[in-house]
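Report on the following structure.
The values are calculated or read from the model by the stated rules, or taken from the named source; none is laboratory data. Owing to the predicted nature of the structure, the values given are computational and were not obtained by experimental measurement. Backbone-built Cβ (ideal geometry, glycine too); neighbour counts: all protein chains shown. Calculation scope for accessible area: heavy atoms of the full protein, side chains included, ligands and nucleic acids excluded. Shrake-Rupley method; radii C 1.70, N 1.55, O 1.52, S 1.80 Å.
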Number of protein chains: 2
Amino acid sequence: MKGSVFVEDASVSEVSKNLTISDIARELGVSKTTVSRAISGKGRLSEATRNRVLQYIHEHDYRPNLIAKSLAQSKTFNIGVVLPADTNLTEIPFFQSCLMGICDVAASFDYDVVVTTATENDISLLKRLIKNNKVDGIVLTRPIVNDRSIDYLKQTHLPFVVVGSSEEDEVIQIDNNHIDGCCELTSVLIKSGYTTMALLAGNQRHIVNTNRYKGFLKAFKDNGIPVNETLVYTDMTSNVLIDRAVDTIMNRKVDCIVCSDDIICSRVLTRLNETGYSVPKDVKIASFYDSAYLENYNPPITSLRIDIKTLGIEAGKCLINLIAGKEIANKTLLDYEIVLKKSTM
Amino acid sequence: MKGSVFVEDASVSEVSKNLTISDIARELGVSKTTVSRAISGKGRLSEATRNRVLQYIHEHDYRPNLIAKSLAQSKTFNIGVVLPADTNLTEIPFFQSCLMGICDVAASFDYDVVVTTATENDISLLKRLIKNNKVDGIVLTRPIVNDRSIDYLKQTHLPFVVVGSSEEDEVIQIDNNHIDGCCELTSVLIKSGYTTMALLAGNQRHIVNTNRYKGFLKAFKDNGIPVNETLVYTDMTSNVLIDRAVDTIMNRKVDCIVCSDDIICSRVLTRLNETGYSVPKDVKIASFYDSAYLENYNPPITSLRIDIKTLGIEAGKCLINLIAGKEIANKTLLDYEIVLKKSTM
DNA sequence: TTGAAAGCGCTAACAT
DNA sequence: ATGTTAGCGCTTTCAA
């Protein structure tokens, strides 16, 4: 690494020059309009002049002032991304991966990403962002039931998409098919003979968790087996609750525990370990996400793998199309992959 | 949750009205200048007119058009945050927590946060952000040695701060004191009698890792004990490398392994488990961050705890002060806390 | 204490 | 094919 040499383009040192469209017009003896047209490609223009302008621009590394363009067109070329600020979610890499995907597409369409946060009860920062006209559209990354952000966004008539699923059909959603995914995963387990199965599901205000619950139930129905709903634990939002549930479950001789996310699963594994149970000997375990959270567990954990960054990319594309006035599908369902590992063997 | 009622303020439905400063001026029979002054607080104005304007604004929920303000003042009221896009870092919650802190302060100063990404070798998105005049300043979240982003930022004369440490003194840095922290942690362990100690450190192009290494060495020097540098492993960037190091280390009968981050530590624990070693009986383990990554490990892991969100908050404050032209310290060192747990007892 | 007017840098009718 | 002109909504001299 030592001794590496960076040759930066000359443009950098000229940052202060601040060339404008009028400068170029004057310098080339044409009108501002002509220059503008050459840049945007709108309107007819002779090849000759267009090239002359383009070349000048290139040679002088001219960059149009986006603020001025924004003001003239009432467009910001920014998309807003709303991240949940609930403290317990900050540790989850999901949102960061998703954000990376959104940033990628945004840049490729010459948009930028401005982030803000919201909680279940406080959407003031989202409101501020919108009222300040900072964005042309919004990506919401964690829909909940009776989502105040969604309610608000619907009223503003600002284009927006949701990463995840919403109860409201008219909202544009990009999600993995968690219902089918959880159903399929559960079915596989049922067919392996693990019919006494417990579900430890997370916060039921998060749509994704209700969907997994639905998928779980559907699997039993599809397989013609009655589900024992007393083995379903929802809203497992704290270690204490999880520990208690695990203890009860293990006393009831279940074959298998399905955890609705990796955080829950991580705690379940710890509790099993503490109380002397071994996986998969005493009980099988399956989870979701296949994230780094569980990467180093021994045994490896069977789970549903989804590509979070792609989710962000698709959401970004949808939003940008929406902003451009294109018609887009209300619901985009992305793939998932069931990864069977030692924890269920 | 069912039946909850939201009464949104009337403003929402009037989003389309788009009140401007001229509307208000006309309505109130004053000039645009007067309205502008009433809002900004700049320039003298009679209490009476100021209040009249302010009240009108309040009643009609007027929000100034920030784009227009931007154009007039050549300010964007945005700060840029550069996140590392290296895939293996996406899973670390550090950057997300930091981002949350930055978002918080930004909002409180009426700034917004636009995020972009950079890798060691590709800073094109950062350049684009800056050339497009999208931000008034930059927070860099992961300094490396010979950092191209830093080189570029220095040339642009745009205000910027770095979360973490840089080799270059003139760069404004906000960091926890990792040298002292690692030194103190190591000292505590030495004083507990674990003198045959191994260090598993991460990517040495990341300044934070070199600093931890320095602290580790300093602890030995402070305690007058020669350090066995053959037990120091750097650039532990893959599981294979870590596994190999752990195996070698354990054959050499060390008392204690210090891991320079929780990802490394997680893998070390797994490898120890796989190869039949038990913590803390066979070997003591210490790590950094005290993140959720290790939260559920048994035994709990001794580590250096830092408050990442506060780091983001401080960085945000520094940058905003810098943008405002205030003098600020070149180096802000935040606290840390050593948390002794079962893994070193 | 207040106002008129120019200007930030770009776009977009509407000419020519 | 190119130019003229009038904005976009705000700030800011300068004048009254």
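Spin-label model, A:D222/A:T33: points 7 Å from Cα along the beta carbon direction are separated by 6.3 nm.
Listed by chain and number, the lysines whose C-alpha is less than 27 Å from the C-alpha of A:K341, apart from same-chain residues fewer than 8 away, are A:K191, A:K214, A:K218, A:K221, A:K253, A:K281, A:K284, A:K309.
Along chain A, the exposed loop sites are trypsin sites (Lys or Arg not before Pro) outside DSSP states H, G, I, E and B with at most 10 other Cβ atoms within 10 Å, and the longest stretch free of them is A:45-252. Among the chymotrypsin sites (Phe, Trp or Tyr not before Pro) within the stretch B:219-280, those in coil by DSSP and having at most 16 neighbouring Cβ atoms inside 10 Å are B:Y277.
Plainly put, the tip 7 Å out from Cα toward Cβ on B:K221 is 6.9 nm from that tip on each other copy, the closest given first.
If you roll a 1.4 Å probe over the stretch A:171-276 with all protein chains in place, what percent of the accessible area is carbon or sulfur? Roughly 50 percent, rounded to a whole number.
For B:Q173, the residues whose amide H sits under 5 Å from its own are B:V162, B:K331, B:T332, ignoring neighbours fewer than 5 places away on the same chain, with H placed 1.01 Å from N. Surface analysis of chain A yields an accessible area of 44 Å² per residue, using protein heavy atoms and a 1.4 Å probe.
Taking GluC sites (Glu not before Pro) as candidate sites, keep only those in a DSSP loop with at most 14 other Cβ atoms within 10 Å, then name the longest stretch of chain A containing none of them. Counting at most 14 other Cβ atoms within 10 Å as exposed, the longest clean stretch of chain A is A:9-166.
The modelled label-to-label distance for the pair B:N330/B:D282, using points 7 Å beyond Cα in the direction of Cβ, is 4.9 nm.
Please label the shape of the protein assembly as shown as rounded, prolate or oblate, based on the square roots a ≥ b ≥ c of the eigenvalues of the alpha-carbon gyration tensor (a/c under 1.5 means rounded; beyond that, a/b larger than b/c means prolate, else oblate). Oblate is the answer for the protein assembly as shown, as a/c is 1.5 or above yet b/c matches or exceeds a/b. Given axes a ≥ b ≥ c from the Cα gyration tensor, I'd like to know whether the stretch B:254-345 is rounded (a/c under 1.5), prolate (a/b larger than b/c) or oblate. Taking the square roots of the gyration eigenvalues as a ≥ b ≥ c, the stretch B:254-345 is prolate. Placing a pseudo-label 7 Å from each Cα along the Cα-to-Cβ vector at A:K214 and A:S108 gives an inter-label distance of 3.0 nm. Assuming a ≥ b ≥ c are the square roots of the Cα gyration tensor eigenvalues, decide whether the stretch A:10-73 counts as rounded (a/c under 1.5), prolate (otherwise, with a/b larger than b/c) or oblate. Oblate, because a/c is 1.5 or more while a/b does not exceed b/c.
Once C-alpha pairs closer than 8 Å and six or more residues apart are averaged by separation and normalised to the residue number of chain B, the relative contact order reads 16 percent. The magnitude of the dipole of the protein assembly as shown, with charges of +1 and -1 set on the Cβ of Lys/Arg and Asp/Glu and taken from the Cα centre, is near 1060 debye. Potential lengthening of the chain between B:E91 and B:K191 amounts to 32.6 nm, from the contour at 0.36 nm per residue minus the alpha-carbon distance.
Taking the alpha-carbon centroid of each part, what is the distance from the stretch B:83-117 to the stretch B:129-169 in angstrom? After rounding, the separation between the Cα centres reads 14 Å. Highest mobility in the GNM of chain B, judged by mean-square fluctuation with C-alpha springs under 10 Å and restricted to B:G193, B:G101, B:G202, is found for B:G193. Based solely on its DSSP helices, what 222 nm [θ] is calculated for chain B when runs of n ≥ 4 H residues each add -39,500 (n - 2.57) and the sum is averaged over all residues, nearest 500 deg cm²/dmol? Rounded to the nearest 500, the figure is -12500 deg cm²/dmol. The stretch A:264-310 and the stretch B:239-298 have their alpha-carbon centroids 19 Å apart. A:P299 label point (Cα plus 7 Å toward Cβ) to equivalent points in the other copies: 2.8 nm, shortest first.
What FRET efficiency would be calculated for the residue pair A:T275, B:A68, taking the C-beta separation as r and a Förster radius of 41 Å, to the nearest 0.05? The computed FRET efficiency comes out at 0.05. Among A:D335, A:D110, A:D307, the largest mean-square fluctuation in a Gaussian network model of chain A (Cα springs under 10 Å) belongs to A:D110. Result for chain B in a Gaussian network model with C-alpha springs under 10 Å: among B:S187, B:S36, B:S149, the largest mean-square fluctuation is at B:S36. Averaged over the residues of peptide B:94-101, the number of Cβ atoms from other protein chains lying within 10 Å of each residue's Cβ is 4.
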